[in-house]
1. Per residue of B:167-173, how many C-beta atoms from partner chains lie within 10 Å of its own C-beta, taken as a mean?
2. Averaged over its residues, how many other protein chain Cβ atoms are within 10 Å of peptide A:171-183's Cβ atoms?
3. Grab the Cα-Cα distance for B:THR4 and B:LYS122, subtract it from 0.36 nm times how many residues apart they are, and report the gain in nm with one decimal.
4. From the backbone phi of the range A:115-123, what are the Karplus-calculated ³J(HN,Hα) couplings (6.51 cos²θ - 1.76 cosθ + 1.60, θ = phi - 60°) in whole Hz, Gly and Pro given as x?
5. What distance in nm separates the simple spin-label points at B:HIS141 and B:ASP15, each placed 7 Å from Cα in the Cβ direction?
6. Which lysines, on any chain, are close to B:LYS92 with Cα under 20 Å apart, when same-chain ones fewer than 8 places away are left out?
7. Just to check, using Stokes-Einstein with a Kirkwood Rh over alpha carbon pairs, what's the diffusion coefficient of the range B:117-244 at 20 °C and 1.002 mPa s in µm²/s?
8. Sequence neighbours fewer than 8 away in the same chain don't count; with that in mind, list the aspartates and glutamates whose C-alpha is under 15 Å from A:LYS196.
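The values are calculated or read from the model by the stated rules, or taken from the named source; none is laboratory data. Remember, predicted model here, so these are calculated numbers, not experimental data. Methodologically, a virtual Cβ is constructed for each residue, glycine included, from the backbone with ideal geometry; neighbour enumeration extends over all protein chains shown. For accessibility, only protein heavy atoms count, side chains too; no ligands or nucleic acids. Shrake-Rupley method; radii C 1.70, N 1.55, O 1.52, S 1.80 Å.
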Amino acid sequence: MTRSKSLTRSTVGKKAVMAVTGLMLVGFLFFHALGNMKVFFGGDAFDHYSHWLRTVLTPILPHEGFLWLARVGLLAAVIGHIWSATSLALRAKRARPVKYAHRKPVQGSYAARTMRWGGVIVVLFVIYHILDLTTGHLNPNPDGGPFARLSADFAPSRWYVTAFYVLAVVTVGFHLRHGLWSAIQTLGRSNERREKFLKGVALGFSVLLCAMFLSVPFAVVTGLVK
Amino acid sequence: MNLTLRIWRQNGPGDKGRMVTYPLSDVSPDMSFLEMLDVLNEKLILDGEEPVAFDHDCREGICGACSLVINGTPHGPQKATTTCQLHMRHYKDGDTIDIEPWRARAFPVIKDLVVDRTAFDKIIQAGGYISAPTGSAPDAHAVPVPKADADAAFEAATCIGCGACVAACPNGSGMLFTAAKITHLGLVPQGQPERDERVLNMVHTHDELDFGGCTNTGECTAVCPKGIPLETIGRLNRDFLKASKV
Ligand code: HEM
Ligand code: FES
């Protein structure tokens, strides 16, 4: 096999693409969650942060220039990630044409076993999420500012929206719990001595990320931020 | 004890195959799993039926021939144990036991519980060797090997190539087997000259043979009768990315 083809054609190369794009997305999620913490400094601080995202690096970049650069990068990562995941999933299907009559999961965690469907749920959520809070199309207060949309979204009467957000964030948490360690192993940075520690780090990071994301709807529903 | 066995029967590669139920009485807890199947086969022969075909050779856990998925787990419930070393004392009177062959496109069924594992030989042929000049044997200690490397290489070399890793993997991947060989040869000085080529060629051949890709679920190492660790796959990944110049 020629070296250049080995990366995108081989199963190991595809996984490396999945790992690198996954890590890019994790980086994004962390800064996204961190940015959301602005809500605890009040609605104005939150709106101001949203405005800053659109003006940062101007006039070197045009208005929203940084935002669009980030969006293009994220989209590329998402496409690379889904491409490698789909390609490996189809391959796995082909690799076992006759199923076991009696099948028992041996050791893989719940997170490891739900990576594929979990990923699909996350992507559906992301589409809804963008139409809801970025473009406003599915938001009850489409003309409001970012914080107004947020408060409208998580109003107690719309408990089902909040519930869906909670479900999606927990799904991301499970995805990352396996995904983070898996990415490190795929890139050849795990070994027997480090494995337990790295899995602990992946779990700790996932729990922290979930807690940060969930604190926002929690704060709105309970009236902690107005 | 009395057991109910549900066994995969398939006349040949072209046959669709099915699970068939056989009651078996007076099984001794001291029998090995394969001896229990021997008893069933004697009974089937006396009844004029076709005995169940299953692979076995050494019956002492070293050849890697035996290959049964027992109640959904390759080599059955006991950790780090081949099917031939599993004993009936792990079962109790009245148990139902499902017995199936390894399931993978790369391991087609030949008959009943016997599968063709030539695919593993092809992976080995692609790079599971070192090239050494022939002649008189070199001095045993002429090339020093660090103890830790020698131990890890030896641990990987205990792989018996049974294929349980493939049978257990939700993706039908043969990566643990391939990684064991990459580790075994990649950690010793004699394996260095061909190290890059080896990993590229073995992974390429693995992929061409319709094995699935590894997704780090760890099912393989949980059922491996020799306990080959998952870190061997991490090492394979590292070597592969390095050899691909990324
Ligand atoms: C439709 C969307 C998605 C799908 C279908 C998907 C699917 C997958 C699959 C199948 C894996 C490999 C799992 C395994 O090891 O068995 C994976 C790994 C991973 N995912 Fe996703 N995922 C999606 C979205 C995401 C998102 C939104 C993130 C980050 C927020 C993410 C982060 C990761 C990371 C870091 C890995 C580890 C890569 C590796 O296994 O080496 N994924 N994903
Ligand atoms: S028959 Fe040789 S390992 Fe089981």
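1. 6
2. 1
3. 38.7 nm
4. Ordered by residue, 3J(HN,Hα) equals 4, 5, 5, x, x, 5, 4, 4, 5 Hz.
5. Output for this residue pair reads 5.8 nm.
6. By straight Cα distance, B:LYS92 reaches A:LYS104, B:LYS79.
7. 144
8. Answer for A:LYS196, where 15 Å is the Cα cut-off: B:GLU231, listed by chain and number.
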